[in-house]
Structure formats: C-alpha cells, structure tokens
Amino acid sequence: MANGQILVEKLDSVSNLGFLKRYKALPDYIVDNLNQNFQIRKYQKEAIARFIYYKTDYPDKTHPIHLLFNMATGSGKTLLMASNILYLFQLGYRNFIFIVNSTTIIKKTKANFLEKSSPKYLFEEKIVFNDNEVLIQEVDNFEGVNQENINILFTTIQGLHSRVWNPQENSITFEDFKDKKIVFLSDEAHHINALTKNISKMSKTEREESTSWEKTINKVFQSNTNNVMLEYTATIDLSNNDIREKYENKIIYQYTLKEFREDKFSKDVQIIQSDLDLMDRVLQSVLLSQYKRKVAEKYQIHLKPVILIKSHKTIAQSEQAEQQFNDMIKNLKVIDLKNIEKSNKNGIIKKAFSFFKNNKITYSNLVREIKFDFSQEKCISINSKSDSEEKQIKVNTLEADHNEVRVIFTVNMLNEGWDVLNLFDIVRLYETRDVKHGKAGNTTISEAQLIGRGARYYPFVNEESQDRFKRKYDEDINNELRVLEELHYHSLNDSRYISEIKAELVRSGIAPSEENRKQITVSIKDKIKKTKFWKNGILFVNEREENNRQSVKSMKDIISETLFQHRLKVGITTETSVFEDTKKDDPTNSKSEIKSKTIKMNSIEKHINRKALDRNNFYMFSNLVKYFPNLKSIEEFITSEKYLGEVEIEIYGLKSQLQALNNHDKYKIALKTFNELSDKIKMNTTDFIGTKEFKGYKLNKKISDIKTSDILIGGDDKKFGVAMSSEKTPEELRFNLKTADWYLQDENYGTAEEKYLILFIHHAMDDLKKKYKDIYLLRNERDFKIYRFSDGKAIEPDFALFLTEKKTGKPLSFQLFIEPKGQHLIKHDEWKEGFLKEIEDNFEIIHLFDADNYRIIGLPFYNEMTTKQECKKVFNTKLSISNG
C-alpha cells in the first residue's frame, strides 16, 4: 500500500492540506433538496466532500466503488445517506437498495425517506433537479421503474437473500442486477460482515447463514462495475484482522463518539449510584425526570423527558417491573417523596428538591403531577419483534407533540436502530456483572451502547444566539438549564460495576476519562468587591435584534450589483490546432458576429416572467415578503421599476437573435436570471443584525462573582485547565493573580495565549498607571456577548480591559475588548477580528448623559508568536502610551 497508509489516513492528509475546500462548498442540488429544518454539520460536510472527491478525482479508486462511513451513533448518518443519494442521482443513478438488519429498522427508515409528514423526513417537500420535480418511489424491483425518479427498494439482509434465491412475482431477481447500475446503502453495516469474521469461531448454523447472506450481497454488488456500495456504521471491529484487512481501503471517513462528545453534540453522561431499594431507585429517576420537565417549562422549552427501565434477561422480569412501577405510582404519597429527599443530602436530587421549593411546587402538587404524568397509559413495554406497529411507532416518535409516553420498559429490543433525543434517564434493574480478565462482556458493552443512544443531545435554545444542537453550559454547570444537557444512568452502588461501566464508556468515547475531566471555580476577589469600580462600574455591550428589513423598498436596497449575463446558443463551431496556438472559427458563424444587448427584466412579458418565477419556490409571495416587507403583490415585484425594473440582463448572441428574441429564449433567460437572483438575495440578507447602540450595565449585575465550570483537559494546549499560579504551569507563564490588584478574578485556567496576554498587560502596567486609574482586566467567563453589526453573529470576547484617564478636565473611560487566539484559529476566526476592529468607528452609547466620556475599542487578535506586535502597536496608539 502506497506510503503504508490506509484510505482514511490518505483522505485525512488531503483534507488537512486544504485540498477538499472546493468540495466542501456543497452543490445546491444537495443543500436545497434536503429538509431545511436539518442543519448540515461541519463533520457531515466533510464526509460528503470526501465522497464527492473520491468519486470524481481520487486517483486510486477501485470499481465497483465500495466505501464505509464509520460515524458515531447519533451523528446523523441518515442525513448523510440522503445527501449521497442526491449526489448520485445527479450522476445518473436512479436505483437504490437500502439494506438493514431488521424489519423494525426498515419501518423507521421508510418514515425518514418516504413520509413527508414525518418530523424526521430527510428531504424538502419538493425535490427539484434542473427545474423538474423528482419523486422518491418505493419499489419491489427495478423493472419498468420511472427513470426520472429516485427508486428505493427497502429490504433486510436476509430478505434480499431470500428474494433473489426464491423469486416470486414482482420480486427482485439476479437478472435485475445484470444491466443496471445500482447503489447499495447498508445501515448498521457491521451486520453484513459475518463471513469476514473468523469462521472457526462460528456455530454451524451461523456459518451456513452468514456465508449465504454475505455471498449473496457480494454477488449482486459485483455484477456491475458501475455499482456503488456505501456502508454506514458506528460499530466496526477493526481489532478483527479479517475485518480490518477488508476495510482498510474502504473506510472513507471516521467520526468517533469521542469527537462527537468533544464537539458538544451529545449529552453529558452522569452515573447515579445508590443503595436504595429497586423501586426507590426508580422513583428517584421519576423525580429527576419531572425536575427536568419543570426546568424546561420554566424557560418555555418544549420537552417531555423519557425514562427507560431496563431488565436483564427475561420478558417476565420486565413485565414484573412494569407492574411494580404502576402500583408504586398509583399509591404514591408525600412521605415517599420526603424519604427520597432525606436519602440525598447533596447532588442532583437535592438540586431537584431545592428547585421545587424555590418555584413553589409543593409535595402534594408534585405527587398529583407524577400520578398524572406517569400513569399506566403513559408507559409502554417493548420486548418482542412482534410488538404491535402502534408500539413501534410510539417508541420511534417519542419527541412528537401527540406522544405522551414517559416510561419505556424493555430487555434488549432498543439496543440498535433507535433514534431518540428526549431519553434523559436509564434505570438498571439488575446487579449482574460480566467483566472477565479486565475485559467488558456483552452485557456491559450493550449497556454502554444504550447509554450512547440516550446521550443524543436534545436541541434547545434559551438565547437566540445559541447553537440549538450543542451543549451550552459546560462552563456554567450550576446553570439551571445544565440538567437538560445530562443523561442520568441509575445503578446500584456497586463500586466494581461502576468502575467497569465507566471504563467502557471512556473506551467507547461516550464519556471522558476522570483524569481528563476537571471542575474549576473562579471568583471575583473579595478586595475587588469592595472597590468603587465593582460597585459602580459599567460594562457596555450591544444587542442582537431581528432584521425587520423595513428599510428595504427596492431591489438595490439588498443587492448593489443587479446586472446579470446570459449567453444564447448560437451554434458556433471552433477548431483548435494541436501544434499552433490558434483557433479557427466556422466562417459562417464568426465570433466577431457575437453582439450584446441589455434589457430590464421587467421588460420581459409578464406571463413569461410569471411562468419562470413559478419554477422557483423562493418566489412564493409568503417568502418574498420576508426579504421585501413593503412588497404588495407578486405583480408589483414583476412589473415595478423598484424591483425587477432594477434588474438588468446583458444578453450575448447573434445580431439576428438579439433583434428578434423569441418566447422560448426569453423564458430561458428569465429562468436562469431568477435562479441567480434568488441566490444573491439570500446571500445578501441576514435574519439578524447587531445594534450599533451599546447599553451600559452595572458590572456587578452582569458579571457572576463566582463561576464553576466542568472542563476537559488533555488536549493540544497543555496549559488549558491549569491554574496560572500552579507549579505545573511553565515558569515563563506562571503568575500569582491573587497579588494583582488589577485582575478581577482570583485565578486563570485559560489557554497559553490567555496567560501570555495577562503577562503582556502586567508588563504594561507601569506605563498604564502613569496616565490611567481604575485599571482592571476582566476575563469573560461566558457572562456577556457582543454581536457583529452585519448579521448579529455572537462573539464572547475573552477579556475586557477598563481604564479611566487621570489628569483631564473631562476624563475619558476606555473599555477594550481583547481576544487572545491560538495560531490554528486565527484564520478560522478572522470574522471576529474584523468585527472587533469595526467597533471603535461605529459604536453609539445610549441611555447615559455623559456618553461622550466613553470609548469602546476592539483590538486585533493577540498571539504571542505571530500577532503580538500588531496588537501591541494598536494598544499603545489607542491608549497613548509608550510601553516599549
């Protein structure tokens, strides 16, 4: 193998060198045809870009193409599948086979791909390619299918094997594969690799079944070199040499659970271990679930948290647990809740009871709510593949408004293919362990996998600027909303089991190791709290507000350049000499005859413009008024001089064509221009803006005087998470901040660049004190944000420096926003630096009579190795100091 690298390592190198950049600008036919409620995440773009690159430009690809996407549970593999289907459709593929391991997963998958009413439907209401609507059709075979549609055959591994070997009327046969290029999509792909595993370890039945299934799939796949097989799994056993050898040139992208968690797309897993009796442990989970629901209600977040109660081996055990649960809820009394409260003197349960009291939720009210919310009809058991379709629908639509299920009882039926976001508590009802010789057994592994499913993040926002799909409170773990970012796993207090499940969670990436997890607390110093600055100081920040676009009254209020170009087909033939740098034109159609003509778009006949307009959903009136709020009608948009009248089209063609444009030409011109125009309108319009008005807030009201954060350490920056005063901090960065009367907090645990910045301010202090008083540096512990003027994008400046002039009749007070930045982030975050530099010339202070006495300045990024001198120069200039 070239350079000894496997495929994924080669593509990692290609991506790291920036060669995939143009592929990551995904085609419109992918982006526009996916459900717009789903956000294509950065790692998904990476996966799609790699596939496009491999299919078009990778030099060493093999045929038929067979690739595997190894991506974490919950990372959105189905959206990736939908994207790949759209890409392959554009390349001419029309027939797709979707292979899964069970009929249960097929039902869920069909809803995602076929049912437009499903909240998890992956595509836009109307899929459009080249102005034509494309339908997704479920088929039983590929004979006589519409070649303008996306045709999908959904089947299990076993079902496909049975169909082709025992053909029945209208079912697929081996003949279907001979002359058709087909895309095979395999979900939970590890199931088709039975043959690849060491056959000697299989039973006779396993050998027979696995050999036949896998051979069948390989046979139909290999029947046409234009076929494509794309496998998707979170679980691939690369420790098995046979599987590793099979996939070393097939894994195109890996996105691990560890990366998924570190990118904040998952809940934080917490284990609650207790010595309580079984049903008391269950009641504890009920209280915690209700606590989460009430927190969500307080902040107007729509959430119905669900509990899963898991038995070990038999359905009878699960049914018994369900009966005991129903009896407990039916007979619940206030004393039962008080007993749970007494047994928890600290921790999350104590927090829950404190919340109930602070929000005037009495014990009696809580009992009534629990009896109603957890009544028998709101519980469901899933313990058999033959469970009713109604039950299957319920457990796969737990987030839906109409679904009232709060508790699920199961043994092993939900370990795979179950997509759920609002599972917040898992209760383990048994006490067995199966770790041998330090290696986790199947039970512990399946428990960790189930926890991984429950750890999918439930999206919500409390502030408009927040990312609804990511954890928000890792650095503010005392925030009430933090509990909505946590999955609680309830277990007996068995220290050996707890260490075993923790080890498996760490190994699989669902949880960080204890040594990589650290809780830190920073406080405003007591001496600072006594100062006049802390008591009366002001922090200026702007706000984000909706861009109501009321000032938009014409096309040019959004787009400054409204000239478009269109080239007519003129039938010119050109010859190029191989040995001479000359071109020969057909003498009857010389390029010298190409002329141009400019027209206003509203000069095209209204019925032609209207026909072209109707081909693009962007121009529905309900959508247009979002961009042009003063628009009265579609007719005004088409005919008015203020709208299409400001759009010009430069048309190139033969003189004879330009003199007599026919309706077909005009339609093509209008269609192309409308498509380009809609892209420009969207590109130049934002939903939000940052105000140029900065309001002053009392510092001690805006800034927390104590902040506890849960942080992950052990990354590339070894200084992050280490106290600046610690002996573990290198001597050149070590500094006891408790002695610095100008630093508000008692410690800094930030990055190396933050520590370098603090030392920069420290070394400038003598010069600063000659001219200024009340000099204070504040680290922003996620207490405030400012918003870019152009689009309202939020930035949390790492530091704010406050200073007031000494010897002037009308002293100026300065507030400087400063961002120390790691070298690897300077390019990525350059938009932040651009905004910081804009502030000084654009800020307006409101609601203060002495507003002229304040200056707000944003500095260039500070980096010790690359940008320090630029930052220092601006710093010295703005503050009029030498600071040599």
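The values are calculated or read from the model by the stated rules, or taken from the named source; none is laboratory data. What you are looking at is a predicted structure, and each value in this text was computed from that prediction instead of being measured. For neighbour counting, all protein chains shown are included, and Cβ atoms are generated from backbone atoms with ideal geometry for every residue, glycine included. Please note that ligands, DNA and RNA were not included when accessible areas were found on the heavy atoms of the full protein model with its side chains. Shrake-Rupley method; radii C 1.70, N 1.55, O 1.52, S 1.80 Å.
Does at least one position in region 499-521 carry a residue that is in a strand (DSSP E or B) and more than 30 Å from residue 281 (Cβ to Cβ)? So that I can check it myself, show each step before the final result.
Going through region 499-521, the residues in a strand (DSSP E or B) turn out to be 517-521.
The next check asks that each one be more than 30 Å from residue 281 (Cβ to Cβ); those that pass are 520-521.
The answer is yes; a qualifying residue exists.
Pairs linking a residue in region 57-85 that is closer than 18 Å to residue 254 by Cβ and among the charged types (D, E, K, R) to a residue that is assigned to a loop (DSSP other than H, G, I, E, B) and open to solvent by 20 Å² or more (accessible area, probe 1.4 Å), with Cβ atoms under 9 Å and 6 or more positions apart or on different chains, are 77/234.
Given the structure, is residue 41 more than 20 Å from residue 160 (Cβ to Cβ), open to solvent by less than 30 Å² (accessible area, probe 1.4 Å) and in contact with a helix residue (DSSP H, G or I) (Cβ under 9 Å, 6 or more places away or on another chain)?
Working: more than 20 Å from residue 160 (Cβ to Cβ): yes; open to solvent by less than 30 Å² (accessible area, probe 1.4 Å): no; in contact with a helix residue (DSSP H, G or I) (Cβ under 9 Å, 6 or more places away or on another chain): yes.
No, not satisfied.
Of the residues in region 834-849, at least one is closer than 23 Å to residue 759 by Cα and either open to solvent by less than 40 Å² (accessible area, probe 1.4 Å) or assigned to a loop (DSSP other than H, G, I, E, B) (or both). The residue that is nearest to residue 871 (Cα to Cα), among those in region 761-784 that are touching a helix residue (DSSP H, G or I) at 6+ places or on another chain (Cβ under 9 Å) and open to solvent by 20 Å² or more (accessible area, probe 1.4 Å), is 767.
For region 614-662, filtering for residues that are open to solvent by 40 Å² or more (accessible area, probe 1.4 Å), more than 30 Å from residue 124 (Cβ to Cβ) and free of Cβ contacts under 8 Å to residues at least 60 places away in the same chain leaves 5. The sole residue among 709, 704 that is of a type outside the set (D, E, K, R), part of a loop (DSSP other than H, G, I, E, B), within 36 Å of the chain's Cα centre (by Cα) and more than 26 Å from residue 769 (Cβ to Cβ) is 704. Among (1) touching a helix residue (DSSP H, G or I) at 6+ places or on another chain (Cβ under 8 Å); (2) surrounded by fewer than 19 Cβ atoms within 10 Å (Cβ to Cβ); (3) farther than 25 Å from residue 235 by Cβ; (4) touching a residue at least 40 places away in the same chain (Cβ under 8 Å), there is one condition residue 30 misses while meeting the rest; what is its number? The failed condition is (2).
Among the residues of region 94-104, those identified as under 24 Å from residue 227 (Cα atoms) and surrounded by 20 or more Cβ atoms within 10 Å (Cβ to Cβ) are 94, 95, 96, 97, 98, 99, 100. Only residues that are in a helix (DSSP H, G or I) and under 22 Å from residue 403 (Cβ atoms) were counted in region 299-318, giving 1.
Taking region 446-472 as the range and being at pLDDT 90 or above and under 18 Å from residue 502 (Cβ atoms) as the test, only 455 passes. Under the condition of being open to solvent by 60 Å² or more (accessible area, probe 1.4 Å) and acidic (Asp, Glu), the residues counted in region 281-326 number 2.
Have a look at 361, 370, 315, 382 and point out the one that is under 18 Å from residue 279 (Cβ atoms) and either β-branched (Val, Ile, Thr) or in contact with a strand residue (DSSP E or B) (Cβ under 6 Å, 6 or more places away or on another chain) (or both).
Numbers: 361 fails: under 18 Å from residue 279 (Cβ atoms); 315 fails: under 18 Å from residue 279 (Cβ atoms); 382 fails: under 18 Å from residue 279 (Cβ atoms).
Unique residue meeting the criteria: 370.
Could you pull out the residue among 793, 821 that is touching a Phe, Trp or Tyr at 6+ places or on another chain (Cβ under 8 Å), farther than 20 Å from residue 543 by Cβ and in contact (Cβ under 8 Å) with a residue 24 or more places away in the chain? Spell out the reasoning first.
On the way: 793 fails: farther than 20 Å from residue 543 by Cβ.
So the residue among 793, 821 that is touching a Phe, Trp or Tyr at 6+ places or on another chain (Cβ under 8 Å), farther than 20 Å from residue 543 by Cβ and in contact (Cβ under 8 Å) with a residue 24 or more places away in the chain is 821.
Quick one: which of 211, 205, 216, 235 is modelled with pLDDT under 90 and within 18 Å of residue 73 (Cβ to Cβ)? Can you show your working first?
Values: 211 fails: within 18 Å of residue 73 (Cβ to Cβ); 205 fails: within 18 Å of residue 73 (Cβ to Cβ); 216 fails: within 18 Å of residue 73 (Cβ to Cβ).
It is 235.
Among the residues of region 446-456, is there at least one that is touching an Asp or Glu at 6+ places or on another chain (Cβ under 6 Å), touching a residue at least 12 places away in the same chain (Cβ under 8 Å), surrounded by 18 or more Cβ atoms within 10 Å (Cβ to Cβ) and not small (Gly, Ala, Ser)?
Here is the first cut: in region 446-456, the residues touching an Asp or Glu at 6+ places or on another chain (Cβ under 6 Å) are 448.
Then drop every residue that is not touching a residue at least 12 places away in the same chain (Cβ under 8 Å), which leaves 448.
Restricting the remaining residues to those that are surrounded by 18 or more Cβ atoms within 10 Å (Cβ to Cβ) gives 448.
Next, only the ones that are not small (Gly, Ala, Ser) stay: none.
Checking region 446-456: not a single residue is touching an Asp or Glu at 6+ places or on another chain (Cβ under 6 Å), touching a residue at least 12 places away in the same chain (Cβ under 8 Å), surrounded by 18 or more Cβ atoms within 10 Å (Cβ to Cβ) and not small (Gly, Ala, Ser).
Every listed requirement among (1) under 37 Å from the mean Cα position of the chain (by Cα); (2) farther than 21 Å from residue 397 by Cα is met by residue 379 save one, (2). Would you check if residue 283 is over 32 Å from the mean Cα position of the chain (by Cα) and modelled with pLDDT of 95 or more? Yes; evaluated as a whole, the condition is true for this residue. Kindly provide the set of residues from region 160-186 that are at pLDDT below 85 and either assigned to a strand (DSSP E or B) or open to solvent by less than 20 Å² (accessible area, probe 1.4 Å) (or both), ordered by number. Within region 160-186, 160, 164, 172, 176, 177 qualify.
Are any residues in region 4-32 part of a loop (DSSP other than H, G, I, E, B) and either more than 25 Å from residue 119 (Cβ to Cβ) or modelled with pLDDT of 95 or more (or both), and if so, which ones?
Pass one, region 4-32, residues part of a loop (DSSP other than H, G, I, E, B): 5-6, 17-20, 25-27, 32.
Selection gives 5, 6, 17, 18, 19, 20, 25, 27.
For residue 77, the stated conditions hold: it is closer than 30 Å to residue 258 by Cβ and basic (Lys, Arg). With respect to the numbered conditions (1) touching a Phe, Trp or Tyr at 6+ places or on another chain (Cβ under 9 Å); (2) among the basic types (Lys, Arg); (3) farther than 22 Å from residue 522 by Cα, which one is the sole condition not fulfilled by residue 779? Exception for residue 779: condition (3).
Is it true that residue 740 is among the hydrophobic types (A, V, I, L, M, F, W, C), farther than 23 Å from residue 865 by Cα and either open to solvent by 70 Å² or more (accessible area, probe 1.4 Å) or over 36 Å from the mean Cα position of the chain (by Cα) (or both)? Criteria met by residue 740. When restricted to residues that are basic (Lys, Arg), within 40 Å of the chain's Cα centre (by Cα), modelled with pLDDT of 90 or more and surrounded by fewer than 16 Cβ atoms within 10 Å (Cβ to Cβ), region 327-356 contains 1. For region 856-877, enumerate the residues that are surrounded by fewer than 17 Cβ atoms within 10 Å (Cβ to Cβ), more than 18 Å from residue 759 (Cα to Cα) and in contact with a helix residue (DSSP H, G or I) (Cβ under 8 Å, 6 or more places away or on another chain). The answer is none; no residue qualifies. Of everything listed in (1) among the hydrophobic types (A, V, I, L, M, F, W, C); (2) more than 30 Å from residue 473 (Cβ to Cβ); (3) touching a Pro at 6+ places or on another chain (Cβ under 9 Å), the single unmet condition for residue 814 is (3).
Selection of region 746-760 for residues being open to solvent by less than 20 Å² (accessible area, probe 1.4 Å) and over 24 Å from residue 860 (Cβ atoms) yields only 747. Taken together, 682, 666, 728 contain a single residue that is open to solvent by 60 Å² or more (accessible area, probe 1.4 Å) and more than 33 Å from the chain's Cα centre (by Cα), which is 728.
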